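So the structure is just underneath, and the comments pick up after that.
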Ligand code: 1GP
C-alpha cells in the first residue's frame, strides 16, 4: 500500500527538508493553462502535484493527469473531494478521513465503499487525517461535508485532534483552511500541532505569498500546498517554491 511517496515524505521530515505542492483543480484549469503551470513547476522544482477539488464537475480529471504525465515526472497525488474522483493515471491518493468533523460518512463510511476498488488499484494509498480549520469564510468543503471547521484560535482542539489521528495510525495530517480561505492557518496552531506529532504535516488553504509559505514552513509545516493563488498568477510558483525550499536544513556534504 505504501510505496515510494510516503517513505520520501518521512525521510524529508526527518532531514527537515520542506516540500512544496501545487494543487490543480481539474475544473478550474484549461489544458492550455496546465502547460504554463507545468513548465513553471518543472523550473521551480515543485515536489508534488495534488489533483482534485471539492466538486469535479467536468470530465477533465484523466486528461489533466495525462497532460502532466506527458510533460514531467513530478508525482501526482489525488486529493479527492469525493469517492468518484479516482483515476489509475495518478501515482497516489490521499485517503482522507475528515477527523475535524463528526460526519461518519467522511470518517469511515465512504472509505468502506471505496476500499475494494483501491485494493485493486496500483495507487499508493496515503492514510490522511484531514482537519478543516476556520479560514474566515464558509468554504465549499465545509458546506459539502456538512461539518464545522475547528476555530482558528483553538489550538488545543487542533492539537488533540491531530494526536488522536496519529494514534489511530493515520500516516499524514493535513490541516486545511479550505481553498481560497480569507485567513490561512495561524503559525501558532501549526507550531502547536507540529510539536506533538511525528508524522508529516501538510498545510494549505489561503496561502498567497512566499512570506506566508515560508512562515508556515518555519512554524513546523513539512509540506505547503497552494492552489488558488497559482491559478490567479502561475508565475508565483517560482517564488513560493523557493521560499518553502529555503527553509530546509542545508544538506551536509
Ligand atoms: C485547498 O489547501 C488547499 O484544499 C489549497 O488552498 O487553493 O487556497 O491555495 P488554496
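The values are calculated or read from the model by the stated rules, or taken from the named source; none is laboratory data. None of the values given here were measured: they were computed from a predicted structure. As a convention, Cβ positions derive from the backbone with ideal geometry for all residues, glycine included, and neighbour counts pool all protein chains shown.
Here are the numbers:
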item	result
Index of the failed condition, residue 152 passing every other in (1) more than 14 Å from the ligand (Cβ to nearest atom); (2) at pLDDT below 95; (3) surrounded by 19 or more Cβ atoms within 10 Å (Cβ to Cβ)	(2)
Of all residues in the stretch 193-205 being touching a helix residue (DSSP H, G or I) at 6+ places or on another chain (Cβ under 7 Å) and within 16 Å of the ligand (Cβ to nearest atom), the one that is farthest from residue 169 (Cα to Cα)	203
Residue match in the stretch 179-191 (condition: closer than 18 Å to residue 10 by Cβ, within 15 Å of the chain's Cα centre (by Cα) and surrounded by fewer than 24 Cβ atoms within 10 Å (Cβ to Cβ))	no
Extreme residue, surrounded by the fewest Cβ atoms within 10 Å (Cβ to Cβ), among residues of the stretch 206-223 that are under 25 Å from residue 167 (Cα atoms) and touching a strand residue (DSSP E or B) at 6+ places or on another chain (Cβ under 7 Å)	220
Inter-residue pairs, beta-carbon under 6 Å, first on the phi > 0 side of the Ramachandran plot and in the stretch 173-191, second within 13 Å of the ligand (Cβ to nearest atom), 6+ apart	178/135; 178/139; 178/141; 178/205; 180/228
Residues of the stretch 212-234 satisfying the condition of being out of contact with any helix residue (DSSP H, G or I) (no Cβ under 7 Å at 6 or more places or on another chain) and more than 24 Å from residue 127 (Cα to Cα)	212, 218, 228, 231, 232, 233
Among residues of the stretch 165-192, those that are more than 16 Å from the ligand (Cβ to nearest atom) and closer than 20 Å to residue 6 by Cβ, counted	7
Considering residues of the stretch 206-225 that are in contact (Cβ under 8 Å) with a residue 60 or more places away in the chain and within 11 Å of the ligand (Cβ to nearest atom) only, the residue nearest to the chain's Cα centre (by Cα)	225
